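Contents: one structure, followed by commentary.
Every number in this text was worked out from the coordinates using simple rules, so none of it is lab data. A quick note: this is a predicted structure, and the numbers were derived from the prediction, not measured. Neighbour counts run over all protein chains shown; Cβ positions are idealised from the backbone, glycine included.
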Amino acid sequence: MIDTNVLVGFVDKGDKWHKRCVDLISRLSLQGDEVIILDVVMFEAISVLAKRFNEKGRGREIGEVIDKLVNFFFRYITWTGEMWGGVFDLVVERVKLSEGELNFNDAFVCVFCYINKVEYVASFDRDFDKVLFIKRIE
């Protein structure tokens with residue numbers, strides 16, 4: 001499972017994690033690990049990039065950056081729309097149990113990992129370290 005900050009860092013050369021994200025994605029690809037990107041993570045990555053580039057006065061670059069993101073990672077997206085009705089309450093409960101440390105999308109990542117027995121999340125977000133059934137890799 002790949003988290004938003006890794007996707008953003010991979011395509012934004014100005015991101016503080018850019019080199020580490022490129023290295024991490026290369027390492028995952030070389031190891032042949034199954035790559036999972038949830039649709040909500042892709043949505044969040046596009047939103048973060050759009051806001052970041054707009055705020056930095058780089059709005060004209062956003063089309064190229066989003067194209068790079070989508071073209072590189074689209075085949076790894078897992079579409080989760082149909083499962084929302086059955087897990088919404090679990091996700092909300094996970095946010096509450098974390099006392100707000102996990103945002104809604106991160107809580108959904110946790111619930112998805114639990115249900116689908118996904119052990120690893122590639123992320124620089126240390127909040128995942130507090131989730132007992134997830135091992136965070138960076």
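Quick notes
- Neighbour-count ranking [beta-carbon atoms within 10 angstrom, fewest first] of M1, M42, M83: M83, M42, M1
- Scaling the Cα radius of gyration of segment 24-99 by the globular reference 2.2 N^0.38 Å produces a ratio of 1.38.
- Paramagnetic label zone (point 7 Å from Cα along Cα-to-C-beta, E82; backbone N under 18 Å) in segment 106-124: 112-113, 115-117
- Its Cα gyration tensor gives the chain an equivalent ellipsoid; the semi-axes, largest first and in whole Å, are 24, 17, 15.
- Stretch gain in nm, segment E64-A50, where the contour uses 0.36 nm per residue and the Cα spacing is subtracted: 3.9 nm
- Eligible lysines near K117 by straight Cα distance, threshold 27 Å, same-chain separation 8 or greater: K96, K130, K135
- Neighbour-count order for L90, L7, L24, L132, fewest beta carbons within 10 angstrom listed first: L132, L90, L24, L7
- The chymotrypsin sites (Phe, Trp or Tyr not before Pro) found in segment 22-109 that occupy coil by DSSP, while having at most 15 further C-beta atoms within 10 Å, are W79.
- Taking the chain as a Gaussian network of alpha-carbon nodes connected by springs under 10 Å, the highest mean-square fluctuation of the residues V92, V118, V11 belongs to V92.
- Near the amide H of L38, within less than 5 Å, lie the amide hydrogens of I2, T78, all on another chain or at least 5 residues away, with H placed in the peptide plane.
- For the chain, built as a Gaussian network whose Cα springs stay under 10 Å, the top-fluctuating residue of D67, D125, D106: D67
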